Structures are given as C-alpha cells and as structure tokens.
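Shown next, in structure tokens, is the structure this report addresses.
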Protein chains: 2
Amino acid sequence: MAQGIPATSGTLYLVPNTLGENDPAEVIPAQALARLRSLRYLIAENPKIARQLLKRAGATIPLQEIRIERLDEHTPASALADLLAPIAAGMDGGLVSDAGCPAVADPGAPLVRLAHERGIRVTPLVGPSSIMLALMASGLEGQCFAFHGYLPVEEAALVEKLRALEKESRRLRQTQIFIETPYRNERMLGMMLRTLNEATRLCTASELTLPGESIVARSIANWRRQPPPSLKDRPTVFLFAA
Amino acid sequence: MAQGIPATSGTLYLVPNTLGENDPAEVIPAQALARLRSLRYLIAENPKIARQLLKRAGATIPLQEIRIERLDEHTPASALADLLAPIAAGMDGGLVSDAGCPAVADPGAPLVRLAHERGIRVTPLVGPSSIMLALMASGLEGQCFAFHGYLPVEEAALVEKLRALEKESRRLRQTQIFIETPYRNERMLGMMLRTLNEATRLCTASELTLPGESIVARSIANWRRQPPPSLKDRPTVFLFAA
C-alpha cells in the first residue's frame, strides 16, 4: 500500500544470509542476490559478516563505496531513526543478519517496526531459515507450531519448561521449536531424553544446508535405545511434539 | 547421520514451490531448482501444479518421463509406504507443495515422518515461506512466535480464540500468526479490529513475493483510524503481538 509513503522514500529490503560459509547461490535466490549487489547502504548485525556475504555474492559495487552500519543487541532504540534516515531520504537499504533471515531470532525487528511507523516500504527477500527448514524436515506437525528462542539454562527451570511445553504440545497438537548455545547442545539433548515421555517425537536438525547437515527424528523411546548423533558445537534446531 | 540408512536408499528432497505464478528463479535458489530438474519421481499435493512448476523451472527431463504421485488431505496413511517405495528402492524423490514449503501447513508431514522411520535421508531445500516472510516483514517480536493455521470460523469461538491468543501474546511476548480462507479475510480483519486492544500491533502481509505484495503493520488504534487495505481474495498472513 503506497498510502502514507513519502514519494522520496527508499525501500528497506530484508536480506537473508547463508547459515554457514557455503556459496550463497545454494540457498539464496538469484533475484535476492541481485538485489543485495545493487544496494549501497546496509544495516548489519555484524558489518564484517555482511562484507563477507557481499564478497561471496560477487559484489559489483566496490566494497568501500558501500556504507554499512551496525545494529546489534547493544544498539539503543534511540539510534534506530538515524539508521533509517538514508532510506527515508530516498536511498534503498538492506537489513542483513549474521545467519538466516533478518528480524527473526535476531535484533532487527525494532528497526522494521520503526520503518512501518515512518511509512517506509519493507520488502522481505527469500533465503534460508533454519527454523523453517528444520520444521519441514522433522516430519512433526506443521499446521501448528511455536518457536521459543532459548530455554532457561538453570536445570530445574529447564526441566519445568520442557514439561510445560510437552503438555502444551499435547493439548494444542503443537510442535515446539527452540535453539541452544552450541556448546550446550549435548546437555540439552540429555535433559530432554530424561524429561520427556517415551512416545514424544524429538528431532535434532544440525548444520542445515551445510556439508555436515544431519537430521535425526525419532521417538524418545528410540532416542534412548540408539546412539545419539554428536551435537557439540554444531548449530542445531531442536523440535518435539507429544 | 548415515546410521541405519540402507545403502541402496534414495533421498527425499523437500522442494518448495512459488507463492504464485512468478518466475521460480525469483524465490527459489539456483541449486534447489537444479535439484528439482534432476528428479524423475515427485510426490505432489496436486500433480498438475507440480507439472506447472517443472515447466516454469525449465524442466530438462521430458515431463512424461517424470512419475508424479498425489499426496493430499484425502490420502490414507496406509498409502504412504507405497509412495516412499521408489525412494526406499534407490531413486531420489521430491515432495512438492502447492505453494511454499512442503510439510508446513500442508499434508506432507506424515510422509516425512515415515521416511525417518524407514531410514530414508530427508533433505529440505530453501524456498519461500509466507509465514517466515510475513514474520520478518512485520517488525513484530521475532524471538518467540506461534503459528496456528486457521482459527475457528464461528463468531463466538473466533472472538474467544483471539482474546486467548492476545493474552498469551502478552504473557509470553509471543507473536501470533495465522491464515484465513482468502474470501473471509476482510471479515477476519473486522473481527480483529473489534476484538483486540488498542495497543496491540497487527500486521497483514498479502501476496508476498508477488507483484501485488502489500504489508501493513500498525497498532489497532491506528488500524481503526486509517482506511484498511483491500484483502478480499488475496492470500494473506495475519500476525499480531500485544
């Protein structure tokens, strides 16, 4: 809807990143890569990682002519209007995440919200989402699901949360999805195998779209009987459904 | 993990479709399109729509040499093993949705589950997900969200559900996401404007990735003050956060 958009305003493109160091053409559509290569202004969770993406995507504009500003979890809300100013003034800009889709499980959402409030057009581009790829590949209920980010670290709180999520999963037929800091993945798996019911189905989806990709989906009873995959330090999405 | 996979088994690729009749290269990565063009066996929600995708993707194998079987909401669970048999016997196969990502908000998940039980490798390919694109573009909380499929049609049940979801959104800081049959979109919008709180933020994301794409995100108070976009018969994702 063009209503309320100043005639001079640019567009805020939401530019996905790869999930690792693979070729962007493997996981980002040609048109999205072409759009990225056309932009002279980027807002990035980490400018260094955005520059690496530009290089791997075959940047055509010299990198030193591309302005890249940082937006991370330390960026104060008061700085967002300045980040949008070049776009409000007519330049197209791109929001780039460190991995996967910007504004999902990363600090970008408040910038997108402000763009809407300022009448700036927002255009999301297609790319890899580890959450969505994991859900597709899990074989778990895909009509109803919830993503919870990180669960509590402290053991008693984590056990309580896992039990509450399992109860909700049964009540709503809802797949529960979450992530963990990679060095704690194996602890998380062990906690789930001790806490969840035998019939609950659990999926681990590791290194999605990368050479080491592995996806394991089975009941808790079968997880307890079979040797687990090694998850340590491998980016992994956890999913379960009661 | 190769463990338990018969040496002769093929791979089940999860192949995304476009969200409309646009060029697949706009929204599906080159590598995923190359994989689709290599497959001689597809399992499709609608074989006619899968053939259309193949044509638009520049199929290199003659269409009459590609076997396409149907898997839709009428397919009995007893038929799934036969659908997987060619893959178990060593042929690579692809599961294709009518739109977007297979096994999410479509009937494909039970086939993926059975593939895991039979030790068949499952590989998800990147493509457009209207749910994920809508969440990125909404500017709403992206660290915690839930997708609910369709809400109840009957008015009293719908009002009750919207109120329950708004309460949960406030308690968990969770973005609520759902879809509606397109001819009822404007009724749904009207119900939300009457039911939700003034400060709740509501986003409608229509015709994502297509020429008519429009994304509107504002508070319920502002939705009540400004003319709404026309949503009738336009595929739309609804999102709100209290």
| query | In what order do A:132, A:192, A:91 fall by count of nearby beta-carbon atoms within 10 Å, going from fewest to most? | reply | A:91, A:192, A:132
| Stretch residue A:40-residue A:195 to full length: gain in nm at 0.36 nm per residue minus the Cα-Cα span? | 50.8 nm
| Cα gyration tensor, chain A - rounded (a/c under 1.5), prolate or oblate | prolate
| remark: For segment A:81-191, the charge dipole (Cβ of Lys, Arg +1; Cβ of Asp, Glu -1; about the Cα centre) points to a positive end, and the Cα of A:183, A:140, A:84 closest to that extreme belongs to A:140
| said: Could you work out the relative contact order of chain A? I mean the mean sequence separation of Cα pairs under 8 Å and 6+ apart, divided by the number of residues, in percent. | reply: 22
| field | Built amide H within the under 5 Å cut-off of residue B:123, gap 5+ | value | B:12, B:13, B:14
| note | Computed for segment B:130-241: size of charge dipole around the Cα centre, +1 on C-beta of each Lys and Arg, -1 on C-beta of each Asp and Glu, debye to nearest 20, value 360
| remark: If each part is reduced to its alpha-carbon centroid, segment A:161-183 and segment B:5-61 end up apart, in Å, by 32
| Amide H to amide H under 5 Å from residue A:149: which residues, 5+ apart in sequence or cross-chain, H placed 1.01 Å off N in plane? | A:179
| In nm, to one decimal, how far is the modelled label at residue B:65 from the one at residue B:117, with both set 7 Å along Cα→Cβ? | 3.5
| task | Counting only C-alpha contacts under 8 Å and six or more residues apart, can you give the relative contact order of segment B:161-242 as a whole percent? | result | 45
| note | Looking only at lysines whose Cα falls under 20 Å of residue B:167's and that sit 8 or more positions away or on another chain, we get A:161, A:167
| request: Extending each Cα 7 Å along its Cβ direction at residue A:224 and residue B:167, get the distance between those two points in nm, one decimal. | output: 3.5
| Which whole-Hz ³J(HN,Hα) couplings does segment A:230-242 yield from phi under the Karplus relation 6.51 cos²θ - 1.76 cosθ + 1.60, θ = phi - 60°, glycine and proline marked x? | 6, 10, 4, 6, 9, x, 9, 9, 9, 9, 9, 9, 7
| task | Quick one: grab the alpha carbon gyration tensor of segment B:130-241, order the square roots of its eigenvalues as a ≥ b ≥ c, and give me rounded if a/c is under 1.5, else prolate or oblate depending on whether a/b is larger than b/c. | result | rounded
| query | For the rotation that brings chain A onto chain B, whose beta-carbon in chain A is nearest the axis, and what is that distance in whole angstrom? | reply | A:146, 2
| task | Compute the label-point distances linking residue B:190 to its equivalents in the other copies; points lie 7 Å from Cα along Cα→Cβ; give nm, one decimal, shortest first. | result | 5.9
| query | Using the scaling law 2.2 N^0.38 Å as the reference, what is the normalised Cα Rg of the protein assembly as shown? | reply | 0.94
| task | Return the single residue from B:201, B:171, B:70 with maximal mean-square fluctuation; model: Gaussian network over chain B, springs between Cα atoms under 10 Å. | result | B:171
| field | Shortest-first distances to equivalent copies, position residue B:62, nm, label 7 Å out along Cβ | value | 5.5
| remark: Only helices counted: for chain A, with every DSSP H run of 4 or more residues adding -39500 (n - 2.57) and the sum spread over all residues, [θ] at 222 nm is -10000 deg cm²/dmol
| remark: For residue B:89, inter-copy label-point distances (7 Å, Cα→Cβ), nm, shortest first, read 6.6
| request: Please give the net charge around residue A:154, taking every other residue with its beta carbon less than 15 angstrom from that of residue A:154, where Lys and Arg add +1 and Asp and Glu add -1. | output: +1
| Tell me, A:179, B:28 in order of fewest to most beta-carbon neighbours within 10 Å? | A:179, B:28
| query | What are the residues whose amide H is under 5 Å from the amide H of residue B:68, where those residues sit 5 or more places off or on another chain and H is modelled from the backbone? | reply | B:42
| When DSSP assigns beta bridges and you keep just the ones with both residues in chain B, what percent turn out antiparallel, to the nearest 5? | 45
| Using the Cα gyration tensor of segment B:11-124, with a ≥ b ≥ c the square roots of its eigenvalues, what is the shape: rounded (a/c below 1.5), prolate (a/b larger than b/c) or oblate (neither)? | prolate
| query | In whole angstrom, and with the biggest value first, how far do the Cα coordinates of segment B:1-74 range along each principal axis? | reply | 40, 31, 25
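Values quoted throughout were computed directly from the atomic coordinates according to the rules given, and no laboratory measurement underlies them. This one's a predicted model, so the numbers in the text were calculated from it and none came from an experiment. Because the Cβ atoms are built from the backbone with ideal geometry, glycine has one as well, and the counts that use them run over all protein chains shown.
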